[in-house]
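Novice: I have a structure I would like to understand better, so I am pasting it below and will then ask my questions one at a time.
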Amino acid sequence: MSEHSKNSNVKANRLGQMLKAAPLAVLLGLPTGSALAADARDNVALSFDVYAGSLRIFKISMGMEIGNADYAIHTNIKSKGVASLFAKTKINMSAAGRNSKTIVPLNFSTKSKSKGKKRSVRMSWTGKGKHQVKRNFKLNAYKTKSLAKAVRPGMLDPLSYLMKMVARSAKQPCNGTERVYNGRQVAEYHYSLQGVSTFNRSTGGVYRGKAFKCSLKYRTIAGLSAEKQKAQDQKPPSVFTVWFAPVAGQGRNLFVPIAANGEVSGKAFTMRLSQGSVSGKPISKRVLATN
């Protein structure tokens, strides 16, 4: 083998090692190699069960990768049990962006399948924060017009907003109001801190300990049909209770969602953590083995 070939192989091996060490940084065009050596990264893995009464209806899996300069998050939602008998539902969402002084999204995508109907949305942000959206379906004139009025440059997607809550809250989560855009609808989230709760055996799920209790008021601003928007505007916003647990990460404090209660279409639900870890360390020693 020639000296040139040996040097080429060495360079190729080094490049391969860099790509393995910093896949997300490469994806986002951020510094790699030694520039990321001191980057304290956290990998968060969460699983939730959603119940209607005593019946499990959904399984939610969530993964987060959090660095000093970047982030990525994905969720998978599947209908379970009796819910699958009426309509099998699958929803996959992902987002990635920069984590600097604040959360700056770069891309977001969602794919859903329900009752045999498939929908997908892909969204990216330009340098000026404008949204570029690709859908596999068309919006009618009313929805298009309402979104044109409501969407603002730099508006976060739902997953990036959750990342902001998890990784960018100061001493406590759940403060303020923000509008988010998922490529189909604009929604307004209003979070307020209600206090601190203690989770034990009677509260369900696997988490044990104290968690911040938050109220989330939710309403859709744009993207609904004219009839649905009018009906919604005549009602008070939907209200959910969400709990975030303080968890120490690699050089950062995280607020991890561990439970939620509320109503959707007049039907009550509860969501509880069934398994969770942060950078390989379990959030709870207990695990609910559900598929």
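Every number in this text was worked out from the coordinates using simple rules, so none of it is lab data. Source: prediction; values computed, not measured. Every residue, glycine among them, receives a Cβ derived from its backbone with ideal geometry; neighbour counts consider all protein chains shown.
Novice: All but one of (1) more than 30 Å from A141 (Cβ to Cβ); (2) not in a loop (DSSP other than H, G, I, E, B) hold for Y207; which doesn't?
Specialist: Answer for Y207: the failing condition is (2).
Novice: For a quick check of your reading of the model, give me the residue pairs whose first member lies in the stretch 63-82 and is under 19 Å from D49 (Cα atoms), whose second is among the charged types (D, E, K, R) and surrounded by fewer than 16 Cβ atoms within 10 Å (Cβ to Cβ), with beta-carbon atoms closer than 9 Å and at least 6 apart or on different chains.
Specialist: That search, which allows pairs on different chains as well, returns N76/K90; I77/K90; K78/K88; K78/K90; S79/K88; S79/K90.
Novice: So which of K111, K149, K143 ends up being part of a strand (DSSP E or B), in contact with a strand residue (DSSP E or B) (Cβ under 8 Å, 6 or more places away or on another chain) and over 27 Å from A170 (Cα atoms)?
Specialist: None of the others qualify; the one that does is K111.
Novice: Quick one: count up the residues across the stretch 214-272 that are aromatic (F, W, Y), crowded, with 16+ Cβ neighbours inside 10 Å and under 18 Å from the mean Cα position of the chain (by Cα).
Specialist: Count: 4.
Novice: Only one of (1) assigned to a strand (DSSP E or B); (2) in contact with a His (Cβ under 9 Å, 6 or more places away or on another chain) fails for V180. Which number is that?
Specialist: Only one criterion in (1) assigned to a strand (DSSP E or B); (2) in contact with a His (Cβ under 9 Å, 6 or more places away or on another chain) is unmet by V180, namely (2).
Novice: So which residues in the stretch 166-213 are in contact (Cβ under 8 Å) with a residue 60 or more places away in the chain, surrounded by fewer than 19 Cβ atoms within 10 Å (Cβ to Cβ) and of a type in the set (G, A, S), if there are any at all?
Specialist: Passing the criteria: S169, G204.
Novice: How many of the residues making up the stretch 105-133 are surrounded by 14 or more Cβ atoms within 10 Å (Cβ to Cβ) and among the charged types (D, E, K, R)?
Specialist: Number of matching residues: 4.
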